[in-house]
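Notes follow once the structure below has been shown.
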Amino acid sequence: MFKSIEMLPDIFWVGVNDWSIRSFHGYHTTRGASYNAYLIIDEQPTIVDSVKHQFASEYIERIQQQIELTKIKYIIANHAEPDHSSSISALYEVAPQATIVTNSKCKEHLDIMYPSLIAAKWLIVDNQTQLSIGKRTLSFIPTQMVHWPCNMFTYSQFDKALFSNDAFGQHIATSERWVDQHPIDDIIYLVKEYNANILAHLPVLMRKVLSNCNKVKFDFILTAHGVSWRGAALDLVLAEYQRFASLSYESKVTICYDTMYGSTEAAALLIAEGVQQAGARAELVNLNVTSLTTAALHLYDSACFAIGSPSMNSAMMPTISALLCYARGLRLLRNKYGSLFGAFGWAGTPVMNNLVEELVKCGAVVSDVKTQWKFDISNQTKSILVAEGLKLGQFALVKK
Ligand code: FEO
């Protein structure tokens with residue numbers, strides 16, 4: 001019933017769409033997701049990657065539509081995270097003649113997660129391995145921490161195709177498999193959202209990945225999530241990765257806040273006004289009504305930021321605490337210049353001190369702290385906040 005899709009001669013998509021997923025380990029996937037896997041038909045038929053376990057039967061059915069399962073020679077695991085590995089056991093059960101191909105770190109992870117596979121046949125590869133599967137010879141490019149320590153790319157020189165797993169992906173469920181079947185701006189937006197929420201902490205490693213990519217010639221990038229890349233769009237996605245790797249930001253200030261009675265929001269609006277007057281772009285993110293996923297997307301390419309919280313039970317608002325935890329893991333504020341603001345009563349000082357401590361843990365540079373009981377009390381206070389926005393905006397223009 002489920003059919004494979006031929007993407008390149010003898011290379012078939014055998015993945016699945018997860019149309020209804022809305023939380024991918026906390027990433028708010030409003031467009032769903034896909035887990036892409038591939039079948040290479042050659043003398044030694046080879047599978048590249050797997051899918052989430054609840055879709056195992058669909059994945060196997062798509063493979064079966066092209067070949068008998070008993071003919072599969074290799075199952076390549078580019079990454080151990082369960083969205084790409086948790087159907088390997090189901091596939092191996094019906095294709096026990098196959099050899100599982102991966103690197104030593106990935107094998108360690110897979111052994112822990114799937115003990116039933118320990119007794120399987122394994123081939124451990126590294127960046128020196130050349131695996132002949134017929135007219136094709138496959139090689140492997142380590143891409144540690146993109147997105148786990150185990151990641152690698154598989155490369156087919158014959159097809160000039162790079163199987164990139166998490167890298168260059170986007171979270172979208174789609175019946176189309178190539179980037180040029182979609183509006184490009186939509187896909188680049190999703191690349192940024194994906195990088196902000198999955199890979200943002202890794203610009204240094206991304207440089208290494210791009211440098212490894214430069215060592216091979218490819219015309220196609222076959223991703224494990226979303227659409228794959230070919231033609232002119234290849235340059236666009238590589239440029240976005242280059243921008244990300246070189247920490248080149250937009251002249252933008254993202255202002256994240258929550259508010260109780262509107263005072264902190266009034267302050268956020270005045271800071272935004274100052275940013276705009278400086279000629280930079282202001283992005284306001286009210287965390288009471290906006291997901292962390294969207295906040296991350298805006299912080300990701302912002303040169304500067306401001307964070308505002310009122311006090312609540314002698315602590316910052318839970319939404320702000322969650323943002324700082326999320327931003328710290330993804331290093332979204334690292335080495336960035338920002339301001340703090342908030343409407344406080346008697347508990348203002350400890351809450352602000354706590355915010356400063358948390359931002360220091362995020363690696364941010366806190367430039368200034370503005371607090372009041374209410375932010376709309378005087379023109380003088382308003383002027384101070386607009387001036388703060390002007391300062392951030394001017395800094396964002398310089399840091400671009
Ligand atoms: Fe798509 Fe790191 O898994």
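When we screen Leu270, Leu284, Leu236 for residues that are more than 20 Å from the chain's Cα centre (by Cα) and open to solvent by 50 Å² or more (accessible area, probe 1.4 Å), the only hit is Leu284.
Could you say which residue among Glu6, Glu58 is assigned to a strand (DSSP E or B) and surrounded by fewer than 22 Cβ atoms within 10 Å (Cβ to Cβ)?
After applying the criteria, what remains is Glu6.
Is the stretch 229-236 home to any residue that is more than 16 Å from the ligand (Cβ to nearest atom), within 25 Å of Ser23 (Cβ to Cβ), touching a helix residue (DSSP H, G or I) at 6+ places or on another chain (Cβ under 9 Å) and in contact (Cβ under 8 Å) with a residue 40 or more places away in the chain? Within the stretch 229-236, none of the residues are more than 16 Å from the ligand (Cβ to nearest atom), within 25 Å of Ser23 (Cβ to Cβ), touching a helix residue (DSSP H, G or I) at 6+ places or on another chain (Cβ under 9 Å) and in contact (Cβ under 8 Å) with a residue 40 or more places away in the chain. Of the helices (runs of 4 or more DSSP H) that lie entirely inside the stretch 64-177, those containing 2 or more residues that are open to solvent by 60 Å² or more (accessible area, probe 1.4 Å) span 88-94, 104-113.
Does at least one position in the stretch 207-227 carry a residue that is more than 16 Å from the ligand (Cβ to nearest atom), without any contact (Cβ under 8 Å) to a residue 60 or more places away in the chain and touching a helix residue (DSSP H, G or I) at 6+ places or on another chain (Cβ under 7 Å)? Yes - at least one qualifying residue is present in the stretch 207-227.
Out of Glu93, Glu81, one residue alone is away from the ligand (no atom under 16 Å from the Cβ), more than 16 Å from Phe140 (Cβ to Cβ) and of a type in the set (D, E, K, R). It is Glu93.
Does Ile47 qualify as being in contact with a helix residue (DSSP H, G or I) (Cβ under 9 Å, 6 or more places away or on another chain), more than 30 Å from Ser291 (Cβ to Cβ) and either in the same structural domain as Tyr189 (by TED's automatic domain parsing) or not hydrophobic (A, V, I, L, M, F, W, C) (or both)?
The answer is yes for Ile47.
On the given criteria, is Phe375 over 22 Å from the mean Cα position of the chain (by Cα) and surrounded by 22 or more Cβ atoms within 10 Å (Cβ to Cβ)? Judged against the criteria, Phe375 is a match. Filtering the stretch 27-43 to residues that are crowded, with 17+ Cβ neighbours inside 10 Å and either touching a Gly at 6+ places or on another chain (Cβ under 8 Å) or of a type in the set (A, V, I, L, M, F, W, C) (or both) leaves Ala33, Ser34, Tyr35, Asn36, Ala37, Tyr38, Leu39, Ile40, Ile41, Asp42.
Restricting the stretch 33-53 to residues that are polar (S, T, N, Q) and within 15 Å of the ligand (Cβ to nearest atom), the residue that is nearest to Trp13 (Cα to Cα) is Asn36. Would you tally the residues in the stretch 153-189 being over 16 Å from Thr46 (Cα atoms), among the aliphatic types (A, V, I, L, M) and either within 16 Å of the ligand (Cβ to nearest atom) or touching an Asp or Glu at 6+ places or on another chain (Cβ under 8 Å) (or both)? Looking only at that region, the number is 4. Taking the criterion of being closer than 20 Å to Phe24 by Cβ, without any contact (Cβ under 8 Å) to a residue 40 or more places away in the chain and among the charged types (D, E, K, R), the only residue of the stretch 175-204 that qualifies is Asp186.
The values are calculated or read from the model by the stated rules, or taken from the named source; none is laboratory data. Predicted model only: the values in this text are computed from it and were never measured. Here Cβ is always computed from backbone atoms with ideal geometry, including for glycine, and neighbour counts include all displayed protein chains. Protein only, heavy atoms only, side chains kept; ligands, DNA and RNA dropped before computing areas. Shrake-Rupley method; radii C 1.70, N 1.55, O 1.52, S 1.80 Å.
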